[in-house]
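The structure appears below as structure tokens.
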Amino acid sequence: MEIHDAIERADREGFTREPPKTLKGQIGFLLRKLGSAKAVAQEIGVTADSVNRYRRGARKHARADVAAKIDDAVRQRWQPQVRKRRQRQAASTGGITVETRARFGYTAPVGTTDDGRFRRLTVHLPPEYARRLFDAREAGASDQQMRGIIADGFKEVYFQDGGGRALGLSDVEINDIDYLDLDY
């Protein structure tokens with residue numbers, strides 16, 4: 001899920017403090033958030049006894065795959081108010097900047113080229129697109145649906161220049177994404 005990951009990365013860039021780095025600190029944080037060793041164990045795929053050993057410091061290091069799950073679980077729950085505030089600001093006044101290299105295709109009037117081609121674009125989309133993107137994410141939209149929202153924004157802002165050109169252009173599509181980065 002490329003766009004979900006890009007939103008997650010953008011959220012992490014706004015942290016005001018770094019999340020805990022030690023295994024004991026990360027497990028302590030997850031215990032406070034999830035409430036019990038059993039809940040943490042289910043989240044990260046180990047036993048409750050293992051969670052308690054991590055908490056006490058009896059085990060200093062987790063297996064690499066478990067350590068990655070612990071780190072992801074901590075980062076997903078870290079500073080939720082900071083995330084919400086930044087998303088609210090992007091959706092109301094700031095907008096969202098999308099940087100990508102992807103194949104863009106579109107439907108255009110007869111007599112013009114509509115062949116898709118790779119483009120590297122950095123486009124600042126208005127707040128309404130940020131709002132639509134965050135709402136779609138909350139509703140559990142697929143990556144394809146979220147691509148459609150970004151494509152609509154690119155159509156309006158980049159290809160049609162806010163209504164100043166390419167008025168016959170319809171259905172912009174984003175395919176073959178090499179990379180995609182969001183900032184808000």
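Within segment 27-47, can you find the residues that are among the hydrophobic types (A, V, I, L, M, F, W, C) and free of Cβ contacts under 8 Å to residues at least 12 places away in the same chain?
L34, A39, A41
Looking at (1) modelled with pLDDT of 90 or more; (2) open to solvent by less than 70 Å² (accessible area, probe 1.4 Å), which is the one condition that is false for G162?
Looking at each condition in turn, G162 falls short on (1).
Going by what's in this entry, would D135 be described as touching a residue at least 24 places away in the same chain (Cβ under 8 Å) and not aliphatic (A, V, I, L, M)?
Values: touching a residue at least 24 places away in the same chain (Cβ under 8 Å): no; not aliphatic (A, V, I, L, M): yes.
No: the conditions fail for D135.
Can we say T97 is of a type in the set (S, T, Y), at pLDDT 90 or above and open to solvent by 60 Å² or more (accessible area, probe 1.4 Å)? It would help to see each step written out before you state the result.
Numbers: of a type in the set (S, T, Y): yes; at pLDDT 90 or above: yes; open to solvent by 60 Å² or more (accessible area, probe 1.4 Å): no.
In short, no.
What number of residues within segment 51-84 are among the hydrophobic types (A, V, I, L, M, F, W, C) and open to solvent by less than 30 Å² (accessible area, probe 1.4 Å)?
Of the residues in segment 51-84, the ones among the hydrophobic types (A, V, I, L, M, F, W, C) are 51, 58, 62, 64, 66-68, 70, 73-74, 78, 82.
Retained after the next criterion (residues that are open to solvent by less than 30 Å² (accessible area, probe 1.4 Å)): 51, 62, 66, 70, 73-74, 78, 82.
Looking only at that region, the number is 8.
For I3, indicate whether it is of a type in the set (A, V, I, L, M) and touching a Leu at 6+ places or on another chain (Cβ under 8 Å).
Here the answer is yes, as I3 does meet what is asked.
The values are calculated or read from the model by the stated rules, or taken from the named source; none is laboratory data. Please read these numbers as outputs of a predicted model, since none were measured by experiment. Please note: Cβ atoms are built from the backbone with ideal geometry, for glycine as well, and neighbour counts cover all protein chains shown. Each accessible area value is taken on the protein alone, full model and side chains, heavy atoms only, with ligands, DNA and RNA left out. Shrake-Rupley method; radii C 1.70, N 1.55, O 1.52, S 1.80 Å.
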